[in-house]
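Asker: The structure is given below, and queries will be raised subsequently.
The values are calculated or read from the model by the stated rules, or taken from the named source; none is laboratory data. Just so we're clear, the structure is a prediction, and the values are computed from it rather than from any experiment. No Cβ is skipped: glycine too gets one built from the backbone with ideal geometry, and neighbour counts run over all protein chains shown.
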Amino acid sequence: MDFEYVLIVIGIIVAAVLLYYGFIRFIKNKNLKTNIVSSIHVDELIDALGGKENIRDVRSTPSKLTVTVIQHDMIDIETIKALGASGIVEGKDTVSMIFGKQSPLIEEDLKNIL
């Protein structure tokens, strides 16, 4: 009877070790970088901002995309709204667009194209 308890304890230890290493491997694989792209047409956004040559800098926060432009009069606000911006704030040489969680992805796509 004591031998059965020893086998049970050894089985529990083996199962715990396997679960531990399986869990560690699962967590490490979750951190792999994925190629997630934004859901808007970045080329259309670039055209609405006056083209590549009109864009000086692109920055984002978790919900807002801010683009520094050279000529403000070349921006097509209606097209930007149609692309999904829920709000637009125009500064002297910047345009801030609220795209929500897509903003960092859009920034990355814009920087890859520019």
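Asker: On the given criteria, is residue 28 under 22 Å from the mean Cα position of the chain (by Cα) and closer than 23 Å to residue 113 by Cβ?
Answerer: Details: under 22 Å from the mean Cα position of the chain (by Cα): yes; closer than 23 Å to residue 113 by Cβ: no.
Taking the combined requirement at face value, the residue does not satisfy it.
Asker: While we're on this one: I'd like to check which helices (runs of 4 or more DSSP H) are fully inside the chain and have at least 1 residues that are surrounded by 12 or more Cβ atoms within 10 Å (Cβ to Cβ) and at pLDDT 90 or above.
Answerer: 42-48, 77-82, 103-113
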